[in-house]
Amino acid sequence: MGLAKRIIPCLDVDNGRVVKGVKFVDIRDAGDPVEIAKRYDEQGADEITFLDITASSDERETMVHVVEEVAGQVFIPLTVGGGIRQSADIRRMLNAGADKVAINTAAVNNPEFVQEAAQRFGSQCIVVAIDAKQVSGEGEPLRWEIFTHGGRKPTGIDAVQWAQRMVDYGAGEILLTSMDRDGTKQGFDLTLTRAISEAVSVPVIASGGVGTLQHLVEGIKQGLADAVLAASIFHFGEFTVEQAKRAMAAQGIEVRL
Amino acid sequence: MKSVAVIDYGMGNLHSVSKALEHVADDTRVIVSSKAEEILACDRVVLPGVGAIRDCIAEIQRLGLDEVIQQVARQKPLLGVCVGLQALMDSSEENDGTQCLGIIPGKVLAFDKNLHDPVTNERLKVPHMGWNQVNQVIKHPMWRNIPQDARFYFVHSYYVQPKTPEPVAASTSYGFAFACALTQGNVFAVQFHPEKSQHVGLTLYQNFLNWDGAD
């Protein structure tokens with residue numbers, strides 16, 4: 001017995017409201033991030049990640065209030081991603097009660113930002129989010145590149161090398177999303193996940209593509225992920241976090257039940 | 001009314017700690033402070049901490065809080081959390097060697113980056129991050145209503161190694177067994193984060209608010 005593999009539900013929040021509908025039977029307001037976070041906490045979520053997809057920075061303040069309210073009621077680790085561009089953004093989220101922030105585009109634009117943030121706030125709260133897409137053609141050795149802008153903009157940066165560089169710069173964890181799989185419900189890109197997990201010393205969270213509970217199991221067993229993140233399978237009430245954990249436990253994965 | 005001070009030295013998970021204490025403190029006032037007189041006026045004190053230990057110790061000293069913590073450690077219930085535990089030791093390997101407060105004899109060591117599970121040979125990532133089991137090795141009022149081997153949330157790359165086994169209150173296994181909770185008189189300190197450990201964590205804070213500092 002030892003460290004449990006983690007299940008992390010992810011909420012996409014737009015101007016203070018959870019997008020992608022939620023169908024919890026006894027929640028009146030299906031878009032309220034606080035209510036949904038509380039529900040996941042009760043189901044046994046190991047952490048909760050909020051992804052702020054608010055377009056305008058004026059409205060980002062809303063996210064701060066969401067985090068404040070959740071942190072006063074839910075006593076598990078909270079991560080906030082989206083719009084983290086400078087130290088002041090990190091400070092604001094940590095003060096609101098977030099435990100970690102996920103840095104994505106800002107890391108690509110200015111890698112030293114990760115270094116500075118890790119030195120200032122500690123590696124334990126700096127997650128680097130990586131959106132990767134396979135760029136190798138058939139018959140070529142597998143290769144993935146970093147994409148920004150929701151997978152639209154290629155950067156030419158090799159994903160495995162990038163992950164290693166971010167860890168050297170002080171990232172305490174890697175949140176890895178396969179842009180090829182995101183939203184497809186076909187399961188994680190296991191080869192990508194494994195390549196990154198084997199290349200870095202810090203924990204890796206697999207994301208993108210979960211459609212079944214078996215996909216979560218595969219992410220841990222074949223992808224060698226330390227944690228699995230999923231959104232829609234939990235949002236739409238297909239499965240509870242507890243069901244997911246029981247499925248993992250049944251296949252010999254250590255979880256917190 | 002009873003009171004608990006959360007020492008504010010600019011490093012940390014203060015908000016999480018004070019929110020969790022407020023959640024369980026029915027008849028206790030929770031204050032967050034860096035002022036010696038305010039801290040010393042409280043019935044009990046929490047020393048939180050995250051980040052690099054050199055910065056933590058430097059801030060504690062800059063604010064003149066080292067003497068305050070020493071005094072609290074002699075007089076009233078003191079709870080150290082995460083780097084707040086590590087700060088109580090003699091010294092840490094972190095940041096090329098850092099002198100700590102020397103309240104509990106022992107040192108702080110880094111996890112090997114090449115850590116493996118001795119049974120499965122699975123590679124173990126550093127930081128040790130997530131929910132791991134806390135094996136209580138002594139009976140103690142702080143463990144009241146907390147099941148043996150309950151899972152608490154950890155996130156750390158360094159662990160404490162007390163000079164003697166006497167202070168060890170619990171251990172956790174991550175490639176090997178390390179001390180995750182120490183106690184010495186009216187001092188209790190944990191490596192994990194009770195404020196992020198859901199029900200069992202809140203129970204531990206509840207126990208702290210009820211603890212008179214005796215074994």
Hits in the stretch B:60-80 (condition: within 16 Å of B:Thr98 (Cβ to Cβ) and open to solvent by 20 Å² or more (accessible area, probe 1.4 Å)): B:Gln61, B:Arg62, B:Asp66
Answer residue from the stretch A:61-93, given it is under 12 Å from A:Pro33 (Cβ atoms) and of a type in the set (D, E, K, R) and is farthest from the other protein chains (Cβ to nearest Cβ) among those: A:Glu69
Subset of the stretch B:197-215 [at the interface with chain A (Cβ under 9 Å from one of its Cβ atoms) and open to solvent by less than 10 Å² (accessible area, probe 1.4 Å)]: B:Ser197, B:Gly201
Pair list, Cβ under 6 Å, 6 or more apart: the stretch A:130-154 residue on the phi > 0 side of the Ramachandran plot, other residue in a strand (DSSP E or B) and open to solvent by less than 60 Å² (accessible area, probe 1.4 Å): A:Gly151/A:Asp131
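Considering only residues that are assigned to a helix (DSSP H, G or I) and surrounded by 24 or more Cβ atoms within 10 Å (Cβ to Cβ), which ones fall in the stretch A:40-65?
Within the stretch A:40-65, A:Tyr40, A:Met63 meet the criteria.
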Of all residues in the stretch A:204-255 being closer than 23 Å to A:Ile36 by Cα and among the acidic types (Asp, Glu), the one that is modelled with the highest pLDDT: A:Glu242
Meets criteria (within 25 Å of B:Lys113 (Cα to Cα) and touching a residue at least 60 places away in the same chain (Cβ under 8 Å)) for A:Leu175: yes
Residue list for the stretch A:217-257, restricted to those being among the hydrophobic types (A, V, I, L, M, F, W, C), under 21 Å from B:Tyr153 (Cα atoms) and assigned to a helix (DSSP H, G or I): A:Ile220, A:Val241, A:Ala244, A:Met248, A:Ala249
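Could you identify the single residue in A:Ala30, A:Ala88 that is in a loop (DSSP other than H, G, I, E, B) and either in contact with a His (Cβ under 9 Å, 6 or more places away or on another chain) or at pLDDT below 95 (or both)?
Testing whether each residue is in a loop (DSSP other than H, G, I, E, B) and either in contact with a His (Cβ under 9 Å, 6 or more places away or on another chain) or at pLDDT below 95 (or both) leaves just A:Ala30.
Let's see how each residue does on (1) more than 9 Å from chain A (Cβ to nearest Cβ); (2) without any contact (Cβ under 8 Å) to a residue 12 or more places away in the chain; (3) open to solvent by less than 30 Å² (accessible area, probe 1.4 Å); (4) out of contact with any Phe, Trp or Tyr (no Cβ under 7 Å at 6 or more places or on another chain):
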| site | (1), (2), (3), (4) |
| --- | --- |
| B:Gln133 | no, no, no, yes |
| B:Ser157 | no, no, no, no |
| B:Lys163 | yes, no, no, yes |
| B:Gly185 | yes, no, no, yes |
Subset of the stretch B:36-59 [open to solvent by 10 Å² or more (accessible area, probe 1.4 Å) and either within 14 Å of another protein chain (Cβ to nearest Cβ) or over 24 Å from B:Asn210 (Cα atoms) (or both)]: B:Val50, B:Gly51, B:Ala52, B:Arg54, B:Asp55, B:Ala58, B:Glu59
Filtered residues of the stretch B:92-123 (kept if aliphatic (A, V, I, L, M) and either open to solvent by less than 70 Å² (accessible area, probe 1.4 Å) or in a strand (DSSP E or B) (or both)): B:Leu101, B:Ile103, B:Ile104, B:Val108, B:Leu109, B:Ala110, B:Leu115
Any hit, the stretch B:24-35, residues being in a loop (DSSP other than H, G, I, E, B), open to solvent by less than 10 Å² (accessible area, probe 1.4 Å) and more than 26 Å from A:Met93 (Cα to Cα): no
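The values are calculated or read from the model by the stated rules, or taken from the named source; none is laboratory data. Fair warning: this is a prediction, and the values are worked out from it, not measured in the lab. For neighbour counting, all protein chains shown are included, and Cβ atoms are generated from backbone atoms with ideal geometry for every residue, glycine included. When the accessible area is computed, the model is the full protein with side chains, heavy atoms only, and any ligands, DNA or RNA have been set aside. Shrake-Rupley method; radii C 1.70, N 1.55, O 1.52, S 1.80 Å.
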